[in-house]
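K.L.:
Here's a structure for you.
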Amino acid sequence: MKIQKTYGIYLFSFALIWAFWLQITAKPSQPKPNPKEEIWFLSPPETLSLPNFKVIDTRSYLSRFKNKIPNGIVLSWEDLSLTDAPFRGKLLNEDKIQKKLSVLGISPNDWLVVLGDRKNGWGEEGRLVWSLREVGYHQSFWYDGSDISLLNILKQRKQLKTNSNQSSVSFLQKENILSQKTNITKEEIKRDLGLGTYQILDTREVREFNGSTPYGEVRGGHIPGAKSLYYQNLLDDTGKIKSKEQVEKTLSKLGISPTKPIIAYCTGGVRSAFVVGILRSYGYNAYNYSGSMWEWSSFPDLPLEK
């Protein structure tokens, strides 16, 4: 009898230790820490100082027509994503993405600058940079400036015959651009939902957060516990990204702590990828749910609040 009791205590203790181990090793509850702020977007002066780079143009047709970027590679976030419901918005297989990029003359060793429509867009430039980094194209950044200013940079480099092939520039260090994978699945979110081990940001419009479905969600509402932060609230009146101090102040008002991992989502992982890039640049441990509401709302067993 004493042996059985001792054995039972042993099993119970082992189960507790095992459960604790699973919790502390689970992603995203305990992701790898960010030793330094990562760099996801570049200012005009930073872009000017880059080695030879290729421009990926994710602007609308009208914007590309008005201000054509010489040798710009036209690519949209949809080109690297699934298209069929309920998984529209999730990334294609890594091999397929790499083949598509290879056809366009893009290699993992290239310096890539992605141009978007800023306040007139949906954060496509951030989503494209996020997609590229997820499949190993780490020297990818989006341009935090206007298309006119980027055109001027390209003209200036041409006039100066800037053909630098230097391997690095002063403000970029290897640890600032080699980021861990930041894609989160619905299974991971569901597993840890309600445990309070991470924070959730809904980067859609307030009306979407409150239940409207203007972009094809099957059900309306938001993931339980999510805080509403429309992605454009991180931009100033000119469409440039706000400073670290301004972003920290915005997040603090929402009760978002810099010491706990963050999961961002939207409708199809576009606006949220843009926010993730900003947050990781400012030292937050942020992750993108690429499936977002197109996927989450399609599964009746996944909870929503209004």
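The values are calculated or read from the model by the stated rules, or taken from the named source; none is laboratory data. Just so you know, these numbers come straight off a predicted model, no measurement behind them. All Cβ positions, even for glycine, are placed from backbone atoms using ideal geometry, and neighbour counts span all protein chains on display.
K.L.:
I need the full set of residues from the range 255-282 which are part of a helix (DSSP H, G or I) and of a type in the set (D, E, K, R), in order please.
P.N.:
ARG271, ARG280
K.L.:
Out of (1) more than 25 Å from VAL218 (Cα to Cα); (2) assigned to a helix (DSSP H, G or I); (3) under 20 Å from the mean Cα position of the chain (by Cα), what's the single condition that is false for GLU78?
P.N.:
Condition (1) is where GLU78 drops out.
K.L.:
Among the numbered conditions (1) in contact (Cβ under 8 Å) with a residue 12 or more places away in the chain; (2) assigned to a loop (DSSP other than H, G, I, E, B), tell me where THR83 comes up short.
P.N.:
(1)
K.L.:
Further question: Out of all the residues in the range 283-306, which are assigned to a loop (DSSP other than H, G, I, E, B), closer than 21 Å to ARG133 by Cα and out of contact with any Leu (no Cβ under 9 Å at 6 or more places or on another chain)?
P.N.:
Selection gives GLY283, TYR289, GLY291.
K.L.:
Shifting gears a bit: Could you identify the single residue in ASP117, ASP110 that is at pLDDT 95 or above, in contact with a Ser or Thr (Cβ under 6 Å, 6 or more places away or on another chain) and acidic (Asp, Glu)?
P.N.:
Details: ASP110 fails: in contact with a Ser or Thr (Cβ under 6 Å, 6 or more places away or on another chain).
When all the criteria are applied, what remains is ASP117.
K.L.:
Is the range 222-242 home to any residue that is small (Gly, Ala, Ser), crowded, with 18+ Cβ neighbours inside 10 Å and in a loop (DSSP other than H, G, I, E, B)? Walk me through it before giving the result.
P.N.:
Taking the range 222-242 first, the residues small (Gly, Ala, Ser) are 225-226, 228, 239.
If we keep only those that are crowded, with 18+ Cβ neighbours inside 10 Å as well, we get 226.
Next, only the ones that are in a loop (DSSP other than H, G, I, E, B) stay: 226.
Yes, the range 222-242 contains a residue that is small (Gly, Ala, Ser), crowded, with 18+ Cβ neighbours inside 10 Å and in a loop (DSSP other than H, G, I, E, B).
K.L.:
While we're looking at this one, here's another question. Test LEU279 against the criterion of being crowded, with 18+ Cβ neighbours inside 10 Å and farther than 20 Å from GLY89 by Cα, and give yes or no. Please lay out each step first, then the result.
P.N.:
Details: crowded, with 18+ Cβ neighbours inside 10 Å: yes; farther than 20 Å from GLY89 by Cα: yes.
So LEU279 fits the description; yes.
Residue-by-condition table, conditions (1) outside any loop (DSSP other than H, G, I, E, B); (2) more than 30 Å from THR185 (Cβ to Cβ); (3) in contact (Cβ under 8 Å) with a residue 60 or more places away in the chain:
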position	(1), (2), (3)
PRO51	no, yes, yes
PHE87	no, no, yes
GLY105	no, yes, no
LYS119	yes, yes, yes
GLY126	yes, no, yes
